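Single-structure report; data block below.
The values are calculated or read from the model by the stated rules, or taken from the named source; none is laboratory data. On a predicted model such as this, the values are computed, not experimentally measured, just so you know. We place every Cβ from the backbone using ideal geometry, glycine too, and count neighbours over all the protein chains shown. Heads up: the accessible areas ignore ligands, DNA and RNA and are worked out on the full protein's heavy atoms, side chains in. Shrake-Rupley method; radii C 1.70, N 1.55, O 1.52, S 1.80 Å.
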Amino acid sequence: MKKWSVVIILGAAQFVMVLDGTVMNVSISTVVADLDTTVAAMQGAITFYTLTMAAMMLLGAKLGDVWGRRRAFVIGSCVYALGSLITALSPNIQLLFLGWSIVEGLGAVLVIPAIAALIADNYQGGARITAYAIIGAVSGAAVAAGPLIGGFVTTYSNWRFVFVAEVVIMAGVVLFSRRITDATTRQSVRIDILSVALSAVGLVFIVFGMLQSKTWGWIRPLASPAIGDVEIAPLGVSLTAWLILAGAALVFAFLRRQRMLVRRGRPPLVHVEMFSIRQLRSGLAVLGAQYAVTAGLFFMVPVYLQMTLGLDALQTGLKIFPLSISLILFSVVGTRLSRVWSARRIVRTGQLILVFSALLLLGAATEDLRSLLFAAGMFLAGAALGLLASQLGNVNMSSVTEKETSEVGGLQGVFQNLGSSLGTALIGSILIGSLATSFAGGVAASDLPAEAQSLISEATQRGVAIVPAASVAQLGEQAGLTAAEASSLEGIYRDSQLSSLHVAFFGLLAISVLALAFSRGIPSTVPERAKKRAAPASE
């Protein structure tokens, strides 16, 4: 038991870190009503939960080297528990944003890199490969179980109890953390604050720009922010484009500064020369794409199921259940397949299945989400994500030496959470932005009187909010429409929600196809066979 108690403790922490996003996603409509907020505000909170981790993960990994990995793990667990407590008690979206998106995110940036590094400290050889596979499977299980746990607790009790449970679990993790060995010598290094600022602000600008594209537009300004009566759209270009451009420039400056620090003999925040390792570069890119697809899927599907079809949190979780069960199953299958198949073959198989599943889901996007086809698409998506989860952790960590495991753990956390935040921001903004376009077109092409069309256009000139479709008729009547006009408006809104779902599914398909180009550097050898061939030579 001593041998595997460490991975159980680390796995419990990993489970909680990953669980949060999917739990909140299936509870969106309930949280929106409970905190009197909007779906767009919840999209922002979900995005910034993972963005905080992506922006500060490299600092968290470096602090683990300075403080000691176990100490960083314990401090991060305590901070995370505090954030969960604030979230559980939050009376409004502002406090939820602080507790969940910021405080929990800051705790996670210490915990996640430490998990990867502490596995390397506590396990060797085959046991280490197994431990990494277990952590990958735990992550997959958390993604899978989140909708069911969140759905059940939200429907039959209160979504806040999920975060109370997280406080209890993290307290247990801290209590048993002494069983974890921290064998790596602490480093006495000065952390470059400018590097932290460049990377963090750069990533925030890029993701926030994408997040706001639904309101501000991508290039042509739509509803730009304003100071007084003056809209902010420099040179007639949307602020979204400027933010993304500025963010990219800051990230480039960050990379240049890391090389400069190395030349001057100072410790960088990350050794960018590691990106020259083809295996690591491919593994991180595929990991980011995998989490972008997962986050996008787990945002758009619950929003449609709850806001258009009127399902509750548990019914939403059950609709997603085929993905949940296949993700767990194929995480195990992928681990077993690694004995006879190369990591590249398993990853490529998973990617191709993911593309096919996106096509099925696009075909299943009907008014009621065709049950059988939708379930098949979700099952195959889960199978693909499970195969990927079973391989990528070990692909990344085995590409470097033991002394670099903490740094790679940090990079892995960056790409994982950056992928999640980009997926939620991009797919969510596509969903909401295309809803506004489709709704405006639907109203203009409808038989509604010109006076009613003018009233609706005026009310939605700064975008269309995602609200329960069943409430649109009542809102229309409150705005002065007749009962017949309000009923027609509800039909237009439902059609617009379905149209926007099609566009969002196509976005996922595009990301899945693009990710195929990233996997060329994944190892094509089977470790077990390589060991057998090497054995006679060593004798």
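Observations
- Matching residues in the range 115-137 - criterion: being open to solvent by 30 Å² or more (accessible area, probe 1.4 Å) and touching a Gly at 6+ places or on another chain (Cβ under 7 Å): I134
For (1) farther than 28 Å from P113 by Cβ; (2) assigned to a helix (DSSP H, G or I); (3) open to solvent by 60 Å² or more (accessible area, probe 1.4 Å), each residue gets a yes or a no:
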| residue | (1), (2), (3) |
| --- | --- |
| R259 | no, yes, yes |
| R281 | no, yes, yes |
| V293 | no, yes, no |
| L297 | no, yes, no |
| Q315 | yes, yes, yes |
| L327 | no, yes, no |
| I346 | no, yes, no |
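- With respect to (1) within 19 Å of E407 (Cβ to Cβ); (2) surrounded by fewer than 24 Cβ atoms within 10 Å (Cβ to Cβ); (3) under 19 Å from the mean Cα position of the chain (by Cα); (4) of a type outside the set (S, T, N, Q), the lone exception for M56 is condition (2).
- For I277, the conditions (1) open to solvent by 10 Å² or more (accessible area, probe 1.4 Å); (2) modelled with pLDDT under 85 all hold with the exception of (2).
- Residue count for the range 424-443 under the criterion of being buried (at least 24 other Cβ atoms within 10 Å of the Cβ) and of a type in the set (S, T, N, Q): the result is 2.
- The condition (being hydroxyl-bearing (S, T, Y), farther than 21 Å from Q43 by Cα and open to solvent by less than 50 Å² (accessible area, probe 1.4 Å)) is satisfied by just one residue among S421, S446: S446.
- Candidate set from the range 145-165 (those that are aromatic (F, W, Y) and under 25 Å from P322 (Cβ atoms)); member that is surrounded by the most Cβ atoms within 10 Å (Cβ to Cβ): W159
- Which listed residue, of A486, A530, A504, is at pLDDT 85 or above and not charged (D, E, K, R): A504
- Which listed residue, of T130, T52, is out of contact with any strand residue (DSSP E or B) (no Cβ under 6 Å at 6 or more places or on another chain) and over 21 Å from V7 (Cβ atoms): T52
- Residue in the range 12-27 that is assigned to a loop (DSSP other than H, G, I, E, B) and under 19 Å from the mean Cα position of the chain (by Cα) present: yes
- Hits in the range 329-344 (condition: in a helix (DSSP H, G or I) and open to solvent by less than 70 Å² (accessible area, probe 1.4 Å)): F330, S331, V333, G334, T335, L337, A343
- Residue list for the range 299-313, restricted to those being open to solvent by less than 10 Å² (accessible area, probe 1.4 Å) and small (G, A, S): A313
- Residue list for the range 194-249, filter: open to solvent by less than 50 Å² (accessible area, probe 1.4 Å), of a type in the set (G, A, S) and not in a helix (DSSP H, G or I): G217, A223, S224, A233, S238
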